[in-house]
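The values are calculated or read from the model by the stated rules, or taken from the named source; none is laboratory data. Just so it is clear, the structure is predicted and the values come from calculations on it, not from any experiment. FYI the Cβ positions are ideal-geometry reconstructions off the backbone, even for glycines, and counts take in every protein chain you see.
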């Protein structure tokens, strides 16, 4: 079957989804400590994952999955995930908010994306996230 280019334009959004194993992240945390995650998460994100008893692994997994899912909405080739440029923080209401900065913001702008919204869910063994971009309407086009 021939490959077709991905649809684009007003009304079209590339969803992103990711799943993260709690077992794998717990092993990384045990082997390398919290410092390992400082290359993936900002200090604020790590603080959002902290409880009175230490780092909450499920929250950590959720943040990682959310960043991966958000990156997948950008549909860029030959680029690595700019971990620290996609920031997932907890809102006052408790839901996750995505803030794009630096390279991620530029990649999003090039794709006509102004924001990315994300939903995170986790259970005992896995965390999952689904992200959807908010697309800028092109000038001169009507909905």
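State whether one or more residues within the range 44-65 are assigned to a strand (DSSP E or B), closer than 18 Å to residue 129 by Cα and free of Cβ contacts under 8 Å to residues at least 60 places away in the same chain. Looking through the range 44-65, none of the residues is assigned to a strand (DSSP E or B), closer than 18 Å to residue 129 by Cα and free of Cβ contacts under 8 Å to residues at least 60 places away in the same chain.
Within the range 18-60, the set of residues being buried (at least 16 other Cβ atoms within 10 Å of the Cβ) and under 18 Å from residue 97 (Cβ atoms) comprises 18, 40, 41, 42, 45, 46, 48, 49, 59, 60. Every listed requirement among (1) at pLDDT 95 or above; (2) touching a helix residue (DSSP H, G or I) at 6+ places or on another chain (Cβ under 7 Å); (3) not in a helix (DSSP H, G or I) is met by residue 119 save one, (2).
Restricting attention to the range 73-84, the residues that are assigned to a helix (DSSP H, G or I) and either within 14 Å of residue 109 (Cα to Cα) or touching a strand residue (DSSP E or B) at 6+ places or on another chain (Cβ under 6 Å) (or both) total 2.
Residue 134 meets each of the listed conditions (1) at pLDDT 95 or above; (2) in a strand (DSSP E or B) apart from (1).
Have a look at 124, 76, 130 and point out the one that is closer than 19 Å to residue 20 by Cβ, surrounded by 14 or more Cβ atoms within 10 Å (Cβ to Cβ) and either in contact (Cβ under 8 Å) with a residue 12 or more places away in the chain or over 15 Å from the mean Cα position of the chain (by Cα) (or both).
Details: 124 fails: surrounded by 14 or more Cβ atoms within 10 Å (Cβ to Cβ); 76 fails: closer than 19 Å to residue 20 by Cβ.
Unique residue meeting the criteria: 130.
For residue 70, the test of being within 24 Å of residue 135 (Cβ to Cβ) and assigned to a helix (DSSP H, G or I) is passed.
Taking the listed residues 98, 87, the one that is surrounded by 14 or more Cβ atoms within 10 Å (Cβ to Cβ), in contact (Cβ under 8 Å) with a residue 40 or more places away in the chain and either out of contact with any helix residue (DSSP H, G or I) (no Cβ under 6 Å at 6 or more places or on another chain) or not in a loop (DSSP other than H, G, I, E, B) (or both) is 87, with no other qualifying.
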